[in-house]
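The values are calculated or read from the model by the stated rules, or taken from the named source; none is laboratory data. Because the structure is a prediction, the values reported are computed rather than measured. No Cβ is skipped: glycine too gets one built from the backbone with ideal geometry, and neighbour counts run over all protein chains shown. Calculation scope for accessible area: heavy atoms of the full protein, side chains included, ligands and nucleic acids excluded. Shrake-Rupley method; radii C 1.70, N 1.55, O 1.52, S 1.80 Å.
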Amino acid sequence: MMDIGIIGAGNVGSALARRLTEVGHQVTISASSPDSPRLAEATAGTGVTAGDAAQAADAELVVLAVPFTDIGDTLTGPVADALAGSTVIDVTNPLGPDHMSLRIGHDTSAAEQVAAMVPAANVVKAFNTVLAPNHARPVLGGVRQSVPVAGDDLAAKKTVQELGTQLGFDTVDAGPLSSARYLEPVAALLIQVAYGGGAGPTVGFALARD
């Protein structure tokens, strides 16, 4: 069992909090406000503990699940200090206002920007390619969804891969953190297929092997 903090009680953060608690981890989740209805929903009857961002950051492993535009305001002061030495899973996607396009790409990524803000943490990109409802359904149509995992610290990356496997996903080593430049467009493509193309949210990606 690990002590896991989740910063962000939106669709993805709440879904991961429930799943991680179900498989036996101790989870603390925070929202932008202690009075947030989403925070109340994420903790009601789930075994998940509510806290502020600094409390969530003071964990063995931390999931960053805030909107990309809020990263700069989130990773400051006591939150940034608490993340030193921790493994941080960045699940954010730098989506544009239309929620279909990306704000950045090619020569950087959300994950690399997070790593620059908290240089004493071990940042790993993972779970950003899974649509929020499907964190509770790792198997879709009889096929396990793939979760690419990118990071520069091998031990941190291995921890995240093992966590993804525990949650029922097919984890894939996607190389260094700079590979997030490719993983974030994959998430945008999936959103386009699901919502722009009309396939609906119960879709995911899987890596075929022979």
(message) For the chain, what does the relative contact order come out to in percent, with C-alpha contacts under 8 Å and a separation of six or more?
(response) 18 percent
(message) Taking the Cα centre as origin and putting +1 on Lys and Arg beta-carbons and -1 on Asp and Glu beta-carbons, what dipole magnitude results for the stretch 1-87, to the nearest 20 debye?
(response) 280 debye
(request) Treat each spin label as a single point 7 Å out from the Cα along the C-beta direction, and report the ASN11 to GLN192 distance in nm. (result) 1.8 nm
(message) Check which residues have an amide H placed less than 5 Å from ASN122's amide H, if you skip close sequence neighbours.
(response) GLY85, SER86, THR87, VAL88
(request) Return the sequence-ordered ³J(HN,Hα) values of the stretch 70-78 in whole Hz as given by the Karplus equation 6.51 cos²θ - 1.76 cosθ + 1.60 applied to θ = phi - 60°, using x for Gly and Pro. (result) 9, 4, x, 6, 7, 8, 9, x, x
(request) Express as a percent, rounded to the nearest 5, the fraction of DSSP beta bridges in the chain (both residues included) that run antiparallel. (result) 20 percent
(message) Please give me the summed charge of the neighbours of HIS135: other residues whose Cβ is under 9 Å from its Cβ, Lys and Arg +1, Asp and Glu -1.
(response) +3
(message) Restricting to Cα atoms and excluding each atom paired with itself, what does the Kirkwood estimate give for the stretch 150-210 in Å?
(response) 13.1 Å
(request) Give the long-range amide H neighbours of LEU102: residues separated by 5 or more places, or on another chain, with amide H under 5 Å away, using H modelled in the peptide plane at 1.01 Å from N. (result) GLY96
(request) Give me the percent of the accessible area of the chain that comes from carbon and sulfur atoms, probe 1.4 Å, all protein chains in place. (result) 53 percent
(message) Two decimals, Cα atoms only, Kirkwood Rh: what is Rg/Rh over the stretch 1-65?
(response) 0.91
(message) 5 Å is the cut-off here: which amide hydrogens, built 1.01 Å from N in the peptide plane, fall below it relative to THR76, excluding neighbours closer than 5 in sequence?
(response) none
(request) Arrange the residues LEU154, LEU95 by how much accessible surface each exposes, largest first, with a 1.4 angstrom probe. (result) LEU154, LEU95
(request) Could you give the size of the charge dipole of the chain about its Cα centre, using +1 on the Cβ of each K and R and -1 on the Cβ of each D and E, expressed in debye and rounded to the nearest 20? (result) 600 debye
(request) With the Cα gyration tensor of the stretch 82-207 in hand, convert its eigenvalues to equivalent ellipsoid semi-axes via √(5λ) and list them largest first in whole Å. (result) 23, 19, 11
(request) Only one of the values (1) 19.7; (2) 17.8; (3) 16.9 was calculated from this structure for Kirkwood radius over Cα pairs in Å; name its label. (result) (3)
(message) With a 1.4 Å probe and all protein chains left in place, how much accessible area per residue does the chain have, in Å²?
(response) 45 Å²
(message) What distance in nm separates the two pseudo spin-label positions at ALA40 and THR202, each 7 Å out from Cα along the beta-carbon direction?
(response) 3.1 nm
(message) Using a 10 angstrom Cβ neighbour count of at most 14 plus a DSSP loop assignment to flag exposed trypsin sites (Lys or Arg not before Pro), which longest range of the chain is free of such sites?
(response) 104-208
(message) I need to check one value: relative contact order of the stretch 1-61, counting alpha carbon pairs closer than 8 Å and at least 6 residues apart, in percent.
(response) 44 percent
